[in-house]
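The values are calculated or read from the model by the stated rules, or taken from the named source; none is laboratory data. Quick caveat: nothing in here was measured; it's all calculated off a predicted structure. Here the Cβ positions follow ideal geometry from the backbone for every residue, glycine too, while neighbour counts run over all protein chains shown.
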Amino acid sequence: MNILVCIKQVPDTNEIKIDPVTHTLVRKGVPSIVNPFDTYALEVGVRLKEQLGGKVVVISMGPEQAKEALKTCLSVGADDAYLISDRKFGGSDTLATSYILSSAVKAVEEKEGLKFDLILCGKQAVDGDTAQVGPEMAEHLDLPQITYALDIVYEDDKIQVKRECDDGYDMITTTLPAVVTVVKLPYEPRYATIRTKMAAKKKEIPTLTFDDLKTDEAYCGLGGSPTKVKGTYTPNREKNGVKLNGVEANDAGAQLAEWLQTNKIL
Amino acid sequence: MANKTDYKNIWVYIETECGQAKPVGHELLNPARKLADEKQCQLIAVVIGKDVEEVAKTAISYGADSAILVDGPEYEYYTTDAFAGAMEQLIGKYKPETVIIGATNNGRDMGPRVSCNLKTGLTADCTDLAIDEETGNIAWTRPTFGGNLMATIMCPDHRPQMGTVRPGVFKKGAFDEGKTGEIVKEDIHIAESDIRTKLIERVKEVAEAVNLEEAEIIITGGRGVGSAEGFKTLQELADELDATVGCSRAVVDAGWMPHAYQVGQSGKTVAPKLYIACGVSGAIQHVAGMSGSDYIVAINKDEDAPIFDVADFGIVGNLFEVLPVLTEQIKKQRA
Ligand SMILES: Cc1cc2nc3c(=O)[nH]c(=O)nc-3n(C[C@H](O)[C@H](O)[C@H](O)COP(=O)(O)OP(=O)(O)OC[C@H]3O[C@@H](n4cnc5c(N)ncnc54)[C@H](O)[C@@H]3O)c2cc1C
Ligand SMILES: Cc1cc2nc3c(=O)[nH]c(=O)nc-3n(C[C@H](O)[C@H](O)[C@H](O)COP(=O)(O)OP(=O)(O)OC[C@H]3O[C@@H](n4cnc5c(N)ncnc54)[C@H](O)[C@@H]3O)c2cc1C
């Protein structure tokens, strides 16, 4: 089974701080990581390959720096990696991103001389947070899709996917090729070892640019994006509420009960 | 690019499963009604499902001017191909200016498939909707970077302008049983061979349906509750107040409660009348899911916990000492 995993390099959103003066995101010094959901997509992809044979290829669209993320993937089981990078791709919304990535799927298939049976994405990127790139790639490629996967198993030319729902899960099957977006797995992604890190370091990561993909510029980048970010702000949710500090529990509980009653909250 | 003037009216997609509407569709009719009045256009509910004519009538009672109904056995359970296929055909025929979809797992599965097919823009997982005065476009507001940054997005040149909107953010409007409106039935069917995924089993892991989004009072426990057992103390107060118990992600990660009870960025967004957070530190990802509550109460041992910043009433103290007192006091008030 040949598997393509789409990975995005993202800032570690746990480390993001808001500048108290300008109220903007402080990105400086925030470490870049492989989008956490994508590490699950890669792990399930590598396990399927180990079980069935074939190849796992990772791609990422982004600046040169994203090669670091691709190297991390090479050290935890990916066989090959490609960076998709061009100034013409900058500012793409999800429609343009998914268009470029689906064109890259075809370009990588040609380079590798194979066809992908399965395309994996994370459920969503923790920076953009849209969860739209996976389904949109499926639409561009005219493939079936299953989103919110909790596990993927292969059986008789099909995959069976455990899909997260509100109060449990669904078991869904589909034929291949298909696109699946992954939320979580019953197991954790593997760690790199010194040996796999060394091997990843040596491996060359080719860059595919606008000229290597057969894309129409009208659908790429800022100009090819129907949605426009008109403004951003950091939410201010602070209230000047009552705060009981150093009040004994019996008293505090009674005061709260009274406050709820006087404000007719109950 | 579409000729924008051909596109009219606001659609709200009413998601159904097994003949039942998900609450988010009815919630969205409320803000959409205001947008439609401001734009002086029609608000149309789009219902796709099996045996869902009642759902279309209900949508009119919740404020839609009329409804478009697609009914058939292939729509009993959600599949991407059937639902996105039907939606694409409807949009192609009627050309709505705006399409609003509830950001449930299924809504976020179908939405991008449809917008991509139509080569238009889709704003993800919004928490606010308005009309841009200057252009008349919808200004969609949404959290990004895990709730740290809010962004306002527009789709100026493409139609329809589409967005998914988070469940639990808007409250349902008034229900007017006598309100009537036209229900247009569209005979759209998707052949079984064109539905490429098959549902083979549905497993419920939560005993009863958890309806956090609909709850009037939510009592949430965080890691400070200490164990699954510890939630009994919260449940006792919940029983007294007819409230629903929720939890933070730390609690889900520890295995004390299932994910269906989680409030926050990667869980449910809620806006109850009263939200009582017990042993929750108040991480931004948690606050993003509950800051719309009318009244917020926080009980935490740590006087510096950020949850106090968003609380109307805070108690620095041990939840296991404060909650039983509160429960007793409320029992007394009611006796
Ligand atoms: C503040 C802000 C708000 C935005 N809001 C919207 C919006 O509402 N609608 C919209 O269309 N665009 C929006 N965008 C643009 C959007 O963030 C970018 O198009 C981004 O490249 C992809 O979206 P995402 O990060 O949400 O990815 P998601 O769709 O959440 O990513 C899902 C998966 O797709 C794959 N993937 C995503 N990006 C890449 C990549 N570059 N390389 C390889 N694989 C990838 C990964 O597997 C990832 O896990 C917004 C941008 C900003 C800055
Ligand atoms: C992408 C992303 C998405 C996320 N999504 C969510 C989400 O949807 N929902 C969510 O909740 N989190 C989410 N998180 C996690 C979030 O960042 C926090 O880690 C989490 O909310 C912490 O949960 P907590 O407050 O229960 O635990 P902690 O932060 O450990 O806080 C426990 C609190 O309990 C107090 N305490 C301890 N004992 C007692 C006692 N006896 N009485 C009173 N107080 C006591 C402590 O003082 C402390 O403040 C997300 C994180 C990321 C990165």
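Can you work out which of the residues in the range A:125-137 that are hydrophobic (A, V, I, L, M, F, W, C) and at the interface with another protein chain (Cβ under 7 Å from one of its Cβ atoms) is nearest to A:I33 (Cα to Cα)?
Within the range A:125-137, the match that is nearest to A:I33 (Cα to Cα) is A:V126.
Quick one: would you say A:L114 is away from ligand 2 (no atom under 16 Å from the Cβ) and more than 26 Å from B:G267 (Cα to Cα)?
Taking the combined requirement at face value, the residue satisfies it.
Name the strands (runs of 3 or more DSSP E) wholly inside the range B:183-254 in which the number of residues that are farther than 27 Å from B:M110 by Cα is 3 or more.
Numbers: elements: B:183-185, B:197-204, B:217-221, B:244-247.
It comes to B:217-221, B:244-247.
Quick test for you: out of A:Y154, A:Y148, pick the one residue that is facing chain B (nearest Cβ under 8 Å) and farther than 17 Å from A:K8 by Cβ.
Details: A:Y154 fails: facing chain B (nearest Cβ under 8 Å).
Answer to the check: A:Y148.
Within the range A:184-199, is even one residue surrounded by 13 or more Cβ atoms within 10 Å (Cβ to Cβ) and within 14 Å of chain B (Cβ to nearest Cβ)?
The answer is yes, given that some residue of the range A:184-199 is surrounded by 13 or more Cβ atoms within 10 Å (Cβ to Cβ) and within 14 Å of chain B (Cβ to nearest Cβ).
For the range B:276-284, check the following and say yes or no: at least one residue is within 16 Å of ligand 1 (Cβ to nearest atom) and in the same structural domain as B:I218 (by TED's automatic domain parsing).
yes
On the given criteria, is B:S266 near ligand 2 (Cβ under 7 Å from one of its atoms), touching a Gly at 6+ places or on another chain (Cβ under 8 Å) and in a loop (DSSP other than H, G, I, E, B)?
On the way: near ligand 2 (Cβ under 7 Å from one of its atoms): yes; touching a Gly at 6+ places or on another chain (Cβ under 8 Å): no; in a loop (DSSP other than H, G, I, E, B): yes.
Criteria not met by B:S266.
Tell me which residues, restricted to the range B:310-335, are free of Cβ contacts under 8 Å to residues at least 12 places away in the same chain and crowded, with 19+ Cβ neighbours inside 10 Å.
Scanning the range B:310-335 gives B:V325, B:Q329.
Provide a single number: the residues in the range B:310-335 that are within 8 Å of chain A (Cβ to nearest Cβ) and in contact with a strand residue (DSSP E or B) (Cβ under 7 Å, 6 or more places away or on another chain).
Of the residues in the range B:310-335, 10 are within 8 Å of chain A (Cβ to nearest Cβ) and in contact with a strand residue (DSSP E or B) (Cβ under 7 Å, 6 or more places away or on another chain).
Filter the range B:1-18 down to the residues that are over 22 Å from B:G92 (Cβ atoms) and modelled with pLDDT of 95 or more and list them by number.
none
Which condition does B:D294 not pass, out of (1) within 20 Å of A:N240 (Cβ to Cβ); (2) touching a strand residue (DSSP E or B) at 6+ places or on another chain (Cβ under 8 Å); (3) within 16 Å of ligand 1 (Cβ to nearest atom), if it passes all the others?
(3)
When you look at B:I307, is it within 11 Å of another protein chain (Cβ to nearest Cβ), surrounded by 20 or more Cβ atoms within 10 Å (Cβ to Cβ) and either within 16 Å of ligand 1 (Cβ to nearest atom) or touching a residue at least 24 places away in the same chain (Cβ under 8 Å) (or both), yes or no?
yes
Tell me which residues, restricted to the range A:24-48, are farther than 21 Å from A:K123 by Cα, of a type outside the set (D, E, K, R) and surrounded by 13 or more Cβ atoms within 10 Å (Cβ to Cβ).
A:L25, A:V26, A:V30
Checking B:S281 against (1) facing another protein chain (nearest Cβ under 9 Å); (2) more than 24 Å from A:Y169 (Cβ to Cβ): exactly one of these is not met. Which one?
It fails just one condition, (1).
Among the candidates A:V153, A:V133, single out the residue that is more than 16 Å from ligand 2 (Cβ to nearest atom) and surrounded by fewer than 21 Cβ atoms within 10 Å (Cβ to Cβ).
Details: A:V133 fails: surrounded by fewer than 21 Cβ atoms within 10 Å (Cβ to Cβ).
Of A:V153, A:V133, the one residue that is more than 16 Å from ligand 2 (Cβ to nearest atom) and surrounded by fewer than 21 Cβ atoms within 10 Å (Cβ to Cβ) is A:V153.
Could you grab me the full set of residues in the range A:217-245 that are facing chain B (nearest Cβ under 7 Å) and under 19 Å from B:A305 (Cβ atoms)?
Correct list: A:P235, A:R237, A:E238, A:K239, A:G241, A:V242, A:K243, A:L244, A:N245.
Every residue, every condition in (1) buried (at least 18 other Cβ atoms within 10 Å of the Cβ); (2) among the hydrophobic types (A, V, I, L, M, F, W, C); (3) in contact with a strand residue (DSSP E or B) (Cβ under 6 Å, 6 or more places away or on another chain); (4) at pLDDT below 95, yes or no:
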| site | (1), (2), (3), (4) |
| --- | --- |
| A:L208 | yes, yes, yes, no |
| A:G221 | yes, no, no, no |
| A:T227 | yes, no, yes, no |
| A:D251 | no, no, no, no |
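Picking from B:G222, B:G267, which residue would you name as being surrounded by 15 or more Cβ atoms within 10 Å (Cβ to Cβ) and at pLDDT 95 or above? Walk me through it before giving the result.
Details: B:G267 fails: at pLDDT 95 or above.
Every option except B:G222 fails the conditions.
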